[in-house]
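Throughout, read-outs are computed from the coordinates displayed, never taken from laboratory work. Please read these numbers as outputs of a predicted model, since none were measured by experiment. Don't worry about glycine lacking a Cβ; one is built from the backbone with ideal geometry, like all the others, and counts go over all protein chains shown.
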């Protein structure tokens, strides 16, 4: 098995140079925008916000690092970077970033934000100023639904003052599209009140998902200590979430309410769009159901239903830089626009040991051109294509449980089929046209025009049998349940219209379920003294291609993802492009669904035990151990042990200072620098972060919240900001001992 992992991951990493083809996808998307009907120029006075994005510095070095991080034979295997370390090594140089600032200001573009890794500069200016500065033509065009959008006539890549820059925000075509829909009326009735749910025969709620996928998992394996991040362009009502928890049977024992990280001026409110609100509630409730002990962190942008391209850029950036890191992230929305920035941030996630799960979509099969027909006519709207804009995304397809839900609940796993419940009356043309009886959906899957990731190499026969490609990215990677989710949500603009009980289908539910599953893997890994999972595709594909496939995956080998007349179709009633589920990997459900604790243990067991000292590699100068022990007169007062002396760390000196209160350390420096201390457990999970500014040379005090940490050995990382961003200065051990 070790040899299988080694070769699979080595091949995966060797393919990283193929990512340059994402630029081709970006150009194809831009070309499709320009085919929309032209209305006229965008008014010069229109205020726009644009992200000017620089490429990562030393892409070749990043490719090499990712090879080592995901090669089990490498000493750096799973020794993930912190965001500060990533920025120091691969963020654009301070000089290039300053040049970008100078360019913006010289051209009348107001700087309103910046990325911590220096990846992008956010500017705001009237359209006229942007036209002059960037040399673009901005016009208004018409969406298929009759609404207006604006777009640049030129591709959003520029050479500005010698810098290769991509501009995000030069069009606002992208709008968030949720990936769920109401279950068929025959599957479950609607109704219910705030007092509790109605009867939903054959539907799933609360602990049902663990009963199906993790029947032998201990209750203690609940995602404790993990954070699941959700990307959401909409708000939600906490009352809906607590109602779901309360009325699950038994009630869900969650770690606490979701926390919200507001991005781009989000207020926490909603726009009254019932479908959007239901999506947020679905995501939260599914993640909590699979991992009730995990913290749910909702990254929310304004629900303005436009410019989702830029909003998603800002959310992904926040996910990549917020501490403590969210090790597992989920997105159930379509509508991302810019391929290049998505790919660059997914690389950062992989380098930092973060997993990103994306719903593969509910529109059935798609072809490599983004079209859904054999003549490449692009019948699907541009934003209906999948969002696998990087080979570092884990795409999650959908299944249904057998026997089919709608009669009796299926709480004991029997088998699964490809989720496909499209129904269409006659005549049946475009969705919502004709007799209005079009309904349902199917697991998204197919071929996306990125180069074949080498974790998909060595499986040509399987890909050919499944109708896949041996040269381009095949989707999805894995699958989970995508039908009959009981959801509590709010409808409409009336704030009192909460606690609606409904049933939804869609891969929107599969993605957060998979993120919850990853939280269980990471909890188990850390408890075993091993490293977090990180990007899951290399080990998942190694397991799939290995000799233990049937012991860790539930194989789904029946049904297909044709969408049965959802769009203009030939008279035979079959979708021109569709794929059939087959034994092993296919383009309906990927490798299938995870087989409970067997998969958890396989993924945890694939991670090396290693030595705690492998997490960081300090320079020889910084090898001393800094120990803090408590006085027993006041608990939890922490003071210096009599045997401890100040530890020299270059220009810095660190020693305990009991005079400044309990759980306090004094950091002294002879330079006016801002300092940041990050504490990690031995598995590399950040557990505390403290910041303080060196306003007075030689005297700097920082209150460490050590009271929330248990006794044990920790790694401490000291970061220094001398005016050009935080950079690692030193690493040392910190031992916390309690009475």
### Task
For residue 411 paired with residue 31, estimate the spin-label separation in nm (one decimal), with each label point 7 Å from Cα along the Cα-to-Cβ line.
5.5
### Query
Cα-based Rg (one decimal) and Dmax (whole number) for region 53-185, in Å?
19.6, 60
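Full extension from residue 105 to residue 464: what is 0.36 nm times the residue separation minus their Cα-Cα distance, to one decimal in nm?
Details: separation 359, 0.36 × 359 = 129.24 nm, distance 5.37 nm.
Extending this stretch completely gives an extra 123.9 nm.
If you count, for each residue, the other Cβ atoms within 10 Å and average over each peptide, how do 390-399, 582-591, 463-472, 321-330 line up from highest to lowest? Before the final figure, lay out each step's value.
Working: 390-399: 29.1, 582-591: 26.5, 463-472: 17.9, 321-330: 23.8.
Highest to lowest by the protection proxy: 390-399, 582-591, 321-330, 463-472.
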#### Entry: Size of region 281-324 as Cα extents on the principal axes (Å, biggest first)
33, 25, 11
### Task
Order by neighbour count: 237, 220, fewest other Cβ atoms within 10 Å first, most last.
220, 237
### Query
Can you give the extra length, in nm with one decimal, that the chain gains between residue 45 and residue 153 once fully stretched, where that is 0.36 nm per residue apart less the Cα-Cα distance?
37.1 nm
## Note on the structure
The exposure ranking of 419, 333, 715, fewest beta-carbon neighbours within 10 Å first, is 715, 333, 419
### Message
At 7 Å along Cα-to-Cβ for each site, give me the label-to-label distance between residue 217 and residue 246 in nm.
### Response
2.6
### Summary
Given 101-108, 47-54, 477-484, the highest-first ranking by average Cβ count within 10 Å works out to 477-484, 47-54, 101-108
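Rank these for me by crowding, 263, 687, going from fewest to most other beta carbons within 10 Å. Write out the running numbers ahead of the final one.
Working: 263 22, 687 18.
Arranged by neighbour count, lowest to highest, 263, 687 become 687, 263.
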### Summary
Residue separation between residue 132 and residue 76 times 0.36 nm, minus their alpha-carbon distance, gives in nm 15.4 nm
### Task
Taking 7 Å along the Cα-to-C-beta vector as the label spot, tell me the residue 161-residue 142 distance in nanometres, rounded to one decimal.
4.1
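What's the ranking of 282-289, 172-179 by average number of surrounding C-beta atoms within 10 Å, highest first? Write out the running numbers ahead of the final one.
Working: 282-289: 28.6, 172-179: 23.5.
Ranking, from highest mean packing down: 282-289, 172-179.
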